[in-house]
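Engineer: For reference, the structure I am asking about is given below.
The values are calculated or read from the model by the stated rules, or taken from the named source; none is laboratory data. Just so it is clear, the model here is predicted, and its values are computed rather than measured. Glycine also receives a Cβ, built like all others from the backbone with ideal geometry; neighbour counts cover every protein chain displayed.
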Amino acid sequence: MFNHKAFYILLIGCILLVLAACNQDKEAVAKDETENNTSEHVDDTGTTKNEPEEATLVLPDVVLQKGDNSEDVKNLQKVLTELGYEITISETFSQETVWALTDFQLQSGNLAITGIYDEETRQELDNYLEQELVVKPGDGLPFKEDEFLDEDTIIIGNPYEVLALINKQHALPEGFIPSDLVVPDVRFPFVEDLPKKQMRQVAADALEKMFTDADAESLDLFAQSGYRSYERQVSLFATYASNYGEEEANKFSARPGESEHQTGLTMDVTSPHVNYALVTEFGETEEGIWLEKHAAEYGFIIRYPKGKEDITGYQYEPWHLRYVGVKAATEIMERGITLEEYLEEKLTD
């Protein structure tokens, strides 16, 4: 007689044996995968240990700058920490990240000093990694937090950053003199070798390209006033304040430390159509109209646009060009906003 009870017990036993064998196979596969993803390490006692392999460093191939948020930013930060920069790894292009890049660019000697990650910086970082070159964080630019001068004004910590906001609430350090000042190869309406002919290298290169293209359009652009030292601004503002009163003078002239000219990223431009003067009528000339349309292609913005006086704190100045890089300049000019508005959006998103 067929024993059903014994049959079912035997069947259940077979099923359990099969399940146990499958589980052992899975554990073996998982163990193999774990071992494949680790490298052997022998400690001081001679014992061999398995350690996870280091993650591959990936340098982004896109332009990145302050306020950007992405996985590319995180990858860049990992590379910077590999070089010794003690910065927070996140997806936010923070002020720490700006400083680290600026410091690296200053120490490299081969790069434009901007605080912006671009193709040239990518190549140099890649070279440092491949050649195992040493960078000493802070040797080019010691890290410094923004600090309050008084209850109304902040002294910025990184004056080399091309996206640094300089206005009546954000000032440059008194002793800041850019180390990369040069005289751009463009026309000036005077022959004297004056400091105001100077700009920082990255801005000078862009100005030269812009003037070359303007020449091709038969335009008569002239550079009038670039770099201005803190001490020169002291004298200049004192003269204006004496003639017009301090409050009125501050509508068209900056107090010492609050002038963009001290950054070396600014150039006032003019033309013979307005007798080389810096006047609002320049905006109506062929040169002024062309600049408003094309300045961003070279990384410049018209810093004090018409109708934005309440935001910038200064009157309309169609002659005042500020270098911020092509990426930021394009958005600012296309949207008709100011540097203040652009940075506020980027840093609060």
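Engineer: Run down VAL234, VAL202 and say which single residue is assigned by TED's automatic domain parsing to the domain that holds VAL326, in contact (Cβ under 8 Å) with a residue 60 or more places away in the chain and at negative phi. Can you show your working first?
Structural biologist: Values: VAL234 fails: in contact (Cβ under 8 Å) with a residue 60 or more places away in the chain.
After applying the criteria, what remains is VAL202.
Yes/no per residue for (1) hydroxyl-bearing (Ser, Thr, Tyr); (2) out of contact with any Asp or Glu (no Cβ under 6 Å at 6 or more places or on another chain); (3) surrounded by fewer than 19 Cβ atoms within 10 Å (Cβ to Cβ); (4) in contact (Cβ under 8 Å) with a residue 40 or more places away in the chain:
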| residue | (1), (2), (3), (4) |
| --- | --- |
| ILE156 | no, no, no, no |
| PRO159 | no, yes, no, yes |
| ILE166 | no, no, no, yes |
| PRO173 | no, yes, yes, yes |
| PRO178 | no, yes, no, yes |
| VAL182 | no, yes, yes, no |
| GLU192 | no, yes, yes, no |
| PRO195 | no, yes, yes, no |
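Engineer: Answer yes if at least one residue in region 335-349 is out of contact with any Leu (no Cβ under 9 Å at 6 or more places or on another chain), within 17 Å of ALA206 (Cβ to Cβ) and either among the polar types (S, T, N, Q) or not assigned by TED's automatic domain parsing to the domain that holds ARG200 (or both), and no otherwise.
Structural biologist: Within region 335-349, none of the residues are out of contact with any Leu (no Cβ under 9 Å at 6 or more places or on another chain), within 17 Å of ALA206 (Cβ to Cβ) and either among the polar types (S, T, N, Q) or not assigned by TED's automatic domain parsing to the domain that holds ARG200 (or both).
Engineer: If PRO272 satisfies every condition in (1) surrounded by fewer than 17 Cβ atoms within 10 Å (Cβ to Cβ); (2) under 24 Å from the mean Cα position of the chain (by Cα) but one, which is the exception?
Structural biologist: (2)
Engineer: Tell me whether region 145-154 contains one or more residues that are of a type in the set (Phe, Trp, Tyr), touching a strand residue (DSSP E or B) at 6+ places or on another chain (Cβ under 9 Å) and in contact (Cβ under 8 Å) with a residue 24 or more places away in the chain.
Structural biologist: At the first step, the residues of region 145-154 found to be of a type in the set (Phe, Trp, Tyr) are 148.
From what's left, touching a strand residue (DSSP E or B) at 6+ places or on another chain (Cβ under 9 Å): 148.
Retained after the next criterion (residues that are in contact (Cβ under 8 Å) with a residue 24 or more places away in the chain): none.
Scanning region 145-154 turns up no residue that is of a type in the set (Phe, Trp, Tyr), touching a strand residue (DSSP E or B) at 6+ places or on another chain (Cβ under 9 Å) and in contact (Cβ under 8 Å) with a residue 24 or more places away in the chain.
Engineer: In addition: Restricting to region 286-329, give me the number of residues that are over 25 Å from ASP68 (Cβ atoms) and part of a strand (DSSP E or B).
Structural biologist: The qualifying residues number 5.
Engineer: Do you know which residues across region 98-135 are among the hydroxyl-bearing types (Ser, Thr, Tyr), in contact with a Leu (Cβ under 7 Å, 6 or more places away or on another chain) and part of a helix (DSSP H, G or I)?
Structural biologist: If we filter region 98-135 for residues that are among the hydroxyl-bearing types (Ser, Thr, Tyr), which is where we start, we get 102, 108, 114, 117, 121, 128.
Then keep just the ones that are in contact with a Leu (Cβ under 7 Å, 6 or more places away or on another chain); that gives 102, 117, 121, 128.
Within region 98-135, THR102, THR121, TYR128 qualify.
Engineer: How do the pairs read when you match residues in region 304-322 that are in the same structural domain as PHE188 (by TED's automatic domain parsing) and of a type in the set (Asp, Glu) with residues anywhere that are surrounded by fewer than 22 Cβ atoms within 10 Å (Cβ to Cβ) and not in a loop (DSSP other than H, G, I, E, B), using Cβ under 9 Å and keeping only pairs 6 or more apart or on different chains?
Structural biologist: GLU317/ASP268; GLU317/THR280; GLU317/GLY283
Engineer: Do any helices (runs of 4 or more DSSP H) entirely within region 176-271 hold 2 or more residues that are small (Gly, Ala, Ser) and out of contact with any Cys (no Cβ under 6 Å at 6 or more places or on another chain), and if so, which?
Structural biologist: Numbers: elements: 201-216, 230-244, 246-249.
Once the helices (runs of 4 or more DSSP H) in region 176-271 are filtered for at least 2 residues that are small (Gly, Ala, Ser) and out of contact with any Cys (no Cβ under 6 Å at 6 or more places or on another chain), what remains is 201-216, 230-244.
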